[in-house]
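Q: Have a look at this one before I ask anything.
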Amino acid sequence: MLTVLLILIPFIAGLIAFGLKGSGPKVLGMIASLASVATAIGTVCTLHADPKKLSFVTDWIPQLGSQFRVGLDGMGTMLCLLTAIAFLLVFITIYNRDIERPNSFYGLMLLSQAGLVGVFTAFDALQFYVFWELALIPVYFLCSMWGGEKRIPVTFKFFVYTFLGSLLMLVGIIYLYFQTPDHSFSWTSFTSLQLSMGDQKWLFWLFFVAFAIKMPVFPFHTWQPDTYEQSPTPVTMILSGVMVKMGLFGVLRWLVPVLPEGAAMWADVAIVLSIIGIIYASCIAMVQSDLKRLIAYSSIAHIGLMSAAIFAHNEQGTQGVLLQMFNHGINIIGLWIIVEVIQNRLGVKNMDQMGGMARKAPRMAIFLVIISLANIGLPLTNGFIGEFLMFSGLFQYNHWFMAFAGLGIILAAVYTLNMIQKVIFGEGNTLTDTTTDLQPGETVALSLVVIMIFVLGVYPQPMLDLVSKAF
């Protein structure tokens, strides 16, 4: 029942939050997120002791051959733990913020968390699709109601991209459903199909495009920088830290196991698109002055490397991706927390208007340096081991692919160090001279991030053991 609780806790709390007033929604959000983290840790312990206890099946829509079928392996457990930690960090960071209509804000955030966990635990294709949409719908409202000045056209663009991708995936799911002998949506039935190469050729693109939009992978990425820039920063934390992992998860859970020959046939094309995304996004990040857009493009580059490593089709690359999904989520949320702090203090996102903040906010400066270096994979930080495994996997698959993808490391160092220089070093100005250092809640959230960075960087074995239980 722990797996079901991971979904029910945020879902029920989200529904209750809509009816609360005053400080009730944020208190409930904090309680629900703490309960979710405790439950997620419980699933990790149960996975090692008795994995069968994490499976739950009951009738849902028997007329269509669909069951409510949830379960957790190493990958699902890791992503559920990441989701629970991410929402806890967000709620700690914004606990003392004044948010308009807090009941709606916290209600939608918690419903989005329930949808995300549902995606990561689903072993029924129709159920997977329903939770895929449940995770996205609250985000539309969060972006359109609490976003920036251009939130309406940006949210519409986000909606069009994701809706078209979801529609393609639904077509693929329905086609596969009719190919199953028992007319079932179960993951086992889908993976047992013996599809012809002709079918796998075109079915691959129905699923890949849907997942590539969500990651996002070039050239399906154009919704992402605008959405990250215009979304309220707490929502951007979830989009960047957790929601993009839906696409990677979809490829690993559904696309590759269900369409193995199609995935192998189109692997080079997918890797090339991913590598183009790494180089393109890194180059764009180098010339950005907007802090939020810089981090948005850096995220595209990191996800591109993960996507390329998946299609290398070897154990080292896949293990690196699984490990990096967690570590990237932690690191990028840490960066967004600092963006939230800076934007809250200064009211600007332009790095040219910053500088000299190390003198006025030394704790924030230290956290920014540590998290930024972890984000580019400095040894002894959590970002190193995952990147090493992914590059090793790419090297085994194709030396040239690894060489071009490796350019992303050099470019990442350039734009990251440039960001650090512009934001916290150099001469101060009338704007930054008035800034203040971190508040207690912000310090707690960033301290948790840094602790995970060093613990998983120095001793990654527990996480490697967890993700080794994938599939």
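Q: Can you pull out the helices (runs of 4 or more DSSP H) entirely within the range 343-438 that have at least 2 residues that are closer than 22 Å to Gln324 by Cβ and open to solvent by 40 Å² or more (accessible area, probe 1.4 Å)?
A: Here the list reads 362-375, 382-397, 399-424.
Q: What number of residues within the range 282-294 are out of contact with any Leu (no Cβ under 8 Å at 6 or more places or on another chain) and within 18 Å of Ala403 (Cβ to Cβ)? First the steps, then the outcome.
A: Keep residues of the range 282-294 that are out of contact with any Leu (no Cβ under 8 Å at 6 or more places or on another chain), which gives 284, 287, 289-294.
Right, trim to within 18 Å of Ala403 (Cβ to Cβ) and you get none.
Residues that pass the stated criteria total 0.
Q: Out of all the residues in the range 276-314, which are open to solvent by 30 Å² or more (accessible area, probe 1.4 Å) and not polar (S, T, N, Q)?
A: Correct list: Ile276, Ile279, Tyr280, Cys283, Ile284, Met286, Val287, Arg293, His313.
Q: I would also like to ask the following. Starting from the range 395-418, take each residue that is under 12 Å from Ala308 (Cα atoms) and at pLDDT below 90 and list its partners that are in a helix (DSSP H, G or I) and open to solvent by 80 Å² or more (accessible area, probe 1.4 Å), counting only C-beta distances under 6 angstrom and pairs at least six apart or across chains.
A: Pairs that qualify, where the first residue is under 12 Å from Ala308 (Cα atoms) and at pLDDT below 90 and the partner is in a helix (DSSP H, G or I) and open to solvent by 80 Å² or more (accessible area, probe 1.4 Å), are Met402/Phe395.
Q: Exactly one condition in (1) under 22 Å from the mean Cα position of the chain (by Cα); (2) open to solvent by less than 50 Å² (accessible area, probe 1.4 Å); (3) over 16 Å from Gly115 (Cα atoms) is not met by Leu34; state its number.
A: Failed condition: (2).
Q: Same structure again: Find the residue count for the range 115-158, including only residues that are under 30 Å from Leu47 (Cα atoms), aliphatic (A, V, I, L, M) and open to solvent by 10 Å² or more (accessible area, probe 1.4 Å).
A: Selection size over the range 115-158: 3.
Q: Within the range 1-29, take every residue that is closer than 22 Å to Arg101 by Cα and touching a Ser or Thr at 6+ places or on another chain (Cβ under 7 Å) and give me the one that is least open to solvent (accessible area, probe 1.4 Å).
A: Step one: list which residues in the range 1-29 are closer than 22 Å to Arg101 by Cα, which gives 9-29.
Okay, now just the ones that are also touching a Ser or Thr at 6+ places or on another chain (Cβ under 7 Å), so 9-10, 18.
Numbers: Ile9: 39, Pro10: 0, Phe18: 76 Å².
This residue is Pro10.
Q: Separate question: Mind checking whether some residue in the range 327-343 is out of contact with any helix residue (DSSP H, G or I) (no Cβ under 6 Å at 6 or more places or on another chain) and either without any contact (Cβ under 8 Å) to a residue 12 or more places away in the chain or farther than 29 Å from Ser33 by Cα (or both)?
A: No, there is no match, as no residue in the range 327-343 is out of contact with any helix residue (DSSP H, G or I) (no Cβ under 6 Å at 6 or more places or on another chain) and either without any contact (Cβ under 8 Å) to a residue 12 or more places away in the chain or farther than 29 Å from Ser33 by Cα (or both).
Q: Looking at the structure I just gave you, is Met325 touching a Phe, Trp or Tyr at 6+ places or on another chain (Cβ under 9 Å) and open to solvent by less than 30 Å² (accessible area, probe 1.4 Å)?
A: Against the criterion (touching a Phe, Trp or Tyr at 6+ places or on another chain (Cβ under 9 Å) and open to solvent by less than 30 Å² (accessible area, probe 1.4 Å)), Met325 qualifies.
Q: How about the range 132-227: which helices (runs of 4 or more DSSP H) wholly inside it have at least 3 residues that are β-branched (Val, Ile, Thr)?
A: Numbers: elements: 151-179, 187-191, 197-214.
Where helices (runs of 4 or more DSSP H) fall fully within the range 132-227 and carry at least 3 residues being β-branched (Val, Ile, Thr), they are 151-179.
Q: Determine whether Asn375 is closer than 25 Å to Phe87 by Cα, in contact with a His (Cβ under 9 Å, 6 or more places away or on another chain), of a type in the set (S, T, N, Q) and touching a residue at least 60 places away in the same chain (Cβ under 8 Å). Walk me through it before giving the result.
A: Details: closer than 25 Å to Phe87 by Cα: yes; in contact with a His (Cβ under 9 Å, 6 or more places away or on another chain): yes; of a type in the set (S, T, N, Q): yes; touching a residue at least 60 places away in the same chain (Cβ under 8 Å): yes.
Yes.
Q: If Arg101 satisfies every condition in (1) within 30 Å of His48 (Cα to Cα); (2) open to solvent by 10 Å² or more (accessible area, probe 1.4 Å) but one, which is the exception?
A: Arg101 satisfies every listed condition except (1).
Q: Also, quick follow-up: What about Phe105, is it over 15 Å from the mean Cα position of the chain (by Cα) and outside any helix (DSSP H, G or I)? Explain how you work it out, then say what you get.
A: On the way: over 15 Å from the mean Cα position of the chain (by Cα): yes; outside any helix (DSSP H, G or I): no.
It is false that Phe105 is over 15 Å from the mean Cα position of the chain (by Cα) and outside any helix (DSSP H, G or I).
The values are calculated or read from the model by the stated rules, or taken from the named source; none is laboratory data. Not measured: the values here are computed from a predicted model. Because the Cβ atoms are built from the backbone with ideal geometry, glycine has one as well, and the counts that use them run over all protein chains shown. Accessible surface is based on the protein model in full, side chains and every heavy atom, while ligands, DNA and RNA are left aside. Shrake-Rupley method; radii C 1.70, N 1.55, O 1.52, S 1.80 Å.
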